[in-house]
Amino acid sequence: MDRNYRDFLKDTVRKKTDFSKTAQSRGIAPPPVEKPSPPGAKKIELISPGKWQNIRNISIEKAIALRKSHRSFTKDSMKLDEISFLLWATQGVRKKESERICFRTVPSAGCRHAFETYLAVFRVDNLEKAIYRYLPLSHELLFVRNPENLEKEVAISTLGQNFCSEGAAVFYWTALPERMEWRYSSASYKVIALDAGHVCQNLYLACSAINAGTCAIAAYDQERADEMLDLNGLDEFVIYIAPVGKIEPTLL
């Protein structure tokens, strides 16, 4: 193995990054924490914290003990408050200071939160089968597109891992490097990868509260996944995928 690949994991930030030249240090305003919505786009209001009815109380100890990857799901639909809960748990906003600074339910280096969340929905009550983007600032879903065969597109994007199309929905997290580069320049790429892990771990733990399961997917077709979400693959690209679905109660 070429040792240069391993440099990504080394703590070489102080040697390679001149933080005095970052956009932040030069007084440039940070990029927005959420992609703008197209004018007139269709939006769906989600169920807010405090109004969920299908989320059971579960101790953090039990949630951690139950954490595992699931590749088999039932055909049951998810409730709208269940998918609302999962979106909030993975990228929800706890406190908004401005359009460019907010605190979320997951940690992020320098509070930069370089991700957008897309959702391929198959079976969620009160949602048509389609691709959506989560709007964390307003806790809404933005309609993106309705492919003729969504299951096939998802399977292709995940290199033929057909179980990804058999659950209730699939989370696609995309990275917008500019948000992190504003503060960390070339050191951004290490912390973006770390932050993605924080997000998906919250999904695993939150699934325990709704009798659901997930499986983190890092093996996918980059170009097909980006194309499915209408991304240019440079300013924004898929970085992590996770299908979610209901599982047999005996598995919890």
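Nothing in this text is a laboratory measurement; each read-out follows from the coordinates by a stated rule. The structure presented is a predicted model; accordingly, all values stated were derived computationally and were not measured. Neighbour counts run over all protein chains shown; Cβ positions are idealised from the backbone, glycine included.
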Here are some values of mean projected area of the Cα convex hull in nm²: (i) 15.0; (ii) 13.4; (iii) 12.1. Which one was computed from this structure? (i)
With a 10 Å radius around each residue's Cβ, average the other Cβ atoms per peptide and rank 210-219, 224-233, 25-34, highest first. 210-219, 224-233, 25-34
Tell me which aspartates and glutamates have Cα within less than 20 Å of residue 95's Cα, excluding those fewer than 8 residues away on the same chain? 34, 45, 116, 140, 195
Which lysines does residue 79 reach when only Cα atoms under 18 Å apart count, and residues fewer than 8 places away in its own chain are ignored? 43, 51, 129, 246
Which order, highest average first, do 189-199, 114-124, 56-66 follow once you tally other Cβ atoms within 10 Å for each residue and take the mean per peptide? 114-124, 189-199, 56-66
For the stretch 129-185, state which trypsin sites (Lys or Arg not before Pro) are in a DSSP loop and have at most 15 other beta carbons lying within 10 Å of their beta carbon. 129
Centroid-to-centroid separation of the stretch 29-58 and the stretch 201-249 [C-alpha atoms, Å]: 17
Suppose we keep just the DSSP beta bridges with both residues in the chain; what percent of those would be antiparallel, to 5? 95
Given the -39500 (n - 2.57) contribution per DSSP H run of 4+ residues, what per-residue ellipticity at 222 nm results for the chain, rounded to the nearest 500 deg cm²/dmol? -7500 deg cm²/dmol
Of the DSSP H helices in the chain, the ones reaching 24 Å or more along their long axis in Cα terms and averaging at least 0.0 in Kyte-Doolittle hydropathy are 188-207
Sequence-distant lysines (8 or more away, or on other chains) whose Cα lies within less than 23 Å of residue 21: 10, 190
